[in-house]
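Each remark here refers to the structure printed beneath this line.
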Amino acid sequence: MPAAEDEVEIWTDGACSGNPGPGGWAAILRWRDHEHEVFGAEEHTTNNRMELMGVLKGLETLTRPTKVVVVTDSAYVEKAFTQGWLENWQRNGWKTAAKKPVENQDLWQLLLEASAAHNVRFERVKGHAGIELNERADVLAVAARDSLLGT
C-alpha cells in the first residue's frame, strides 16, 4: 500500500451503466495531508474508458514532475503498464497479439503523454473490498455517472 511522503497517490475508478452507456470517472489525489478530488462523466462510453479517464485526469491534475503511485482496481489499466502490454502494442503499430486494433488507443496515447513527465508506478487493489479511498473513488465515479441519469 502507498506510504512514501514524497509520493503523490492517485486513487482512481470508473463506472458505467450498461457497457456502453453513461459513465463516470474519478481520481482522488493525496499528498501528505492534502487531498484533491476530480471527477466527470460521459453520456456514451465504456467501463474501460472510464477507468482510463480516471487515471488520465488524475495525472493531468499534477502541476510539476512528481513521483506517483496510481492505485486502481482495474486489471486492464494496471496490467497494461506492469505487464508490458503498452510497449507491445506500440511496437506492433497499436495492434494486439491477435493483430486487431487496440481498443481505446486514443486514451492510451494520452495516458502515455500524461505520465511521461512523472515517475509513475501502478498498484492494483481489490474493488469493493472496503478500502477507503478506492470506495470513495467509486462513490465519486458513480455520482458523476448518475448525474447524467438524473438520479
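We did not get these values from a lab; they are worked out from the coordinates using the rules stated. Just so you know, these numbers come straight off a predicted model, no measurement behind them. With ideal geometry, Cβ positions are generated from the backbone for all residues, glycine too; neighbour counts draw on all protein chains shown.
Rounded to the nearest 0.05, what FRET efficiency do residue 124 and residue 43 have when you use their Cβ-Cβ distance and R0 = 35 Å?
Efficiency, from the Cβ-Cβ distance: 0.80.
Among residues other than residue 144 whose Cβ falls under 14 Å from its Cβ, what is the net charge (Lys/Arg +1, Asp/Glu -1)? Present the calculation step by step, with values, prior to reporting the outcome.
Numbers: positive: 49, 57, 136, 145; negative: 13, 37, 42, 43, 51, 138, 146.
Cβ neighbours under 14 Å give a net charge of -3.
Determine, from the Cβ-Cβ distance of residue 76 and residue 143 and an R0 of 22 Å, the FRET efficiency 1/(1 + (r/R0)^6), rounded to the nearest 0.05.
After rounding to 0.05, the efficiency reads 0.50.
Which one of 59, 90, 80 has its Cα pushed farthest toward the positive end of the charge dipole of the chain, where Lys and Arg give +1 and Asp and Glu give -1 at the Cβ?
90
From the C-alpha gyration tensor of the chain, pull out the three semi-axes of the equivalent ellipsoid (sqrt of 5λ each), sorted largest to smallest, in whole Å.
23, 21, 13
Would you mind telling me the antiparallel percentage of the DSSP bridges in the chain, rounded to 5? Mind dumping the intermediate values first?
On the way: 19 of 30 bridges.
Once the DSSP bridges in the chain are tallied, antiparallel ones form about 65 percent.
State the Cα centre-to-centre distance between region 37-52 and region 71-98 in whole Å.
Cα centres, region 37-52 to region 71-98: 19 Å.
For residue 116 and residue 32 in one chain, what is 0.36 nm times their gap in residues minus the Cα-Cα distance, to one decimal in nm? Don't jump to the answer; show the numbers that get you there.
On the way: separation 84, 0.36 × 84 = 30.24 nm, distance 2.29 nm.
Stretched out fully, the residue 116 to residue 32 stretch lengthens by 28.0 nm.
In region 1-51, which trypsin sites (Lys or Arg not before Pro) fall in coil by DSSP and have 11 or fewer other Cβ atoms within 10 Å?
Working: sites: 30, 32, 49; in loops: 32.
Here the trypsin sites (Lys or Arg not before Pro) that fit, given the DSSP loop and packing criteria, are 32.
If you split all Cα-Cα distances of region 6-82 into 10 Å bins from zero, what percentages do you get per bin, shortest first?
Each 10 Å bin holds this share of Cα pairs: 21, 49, 25, 5.
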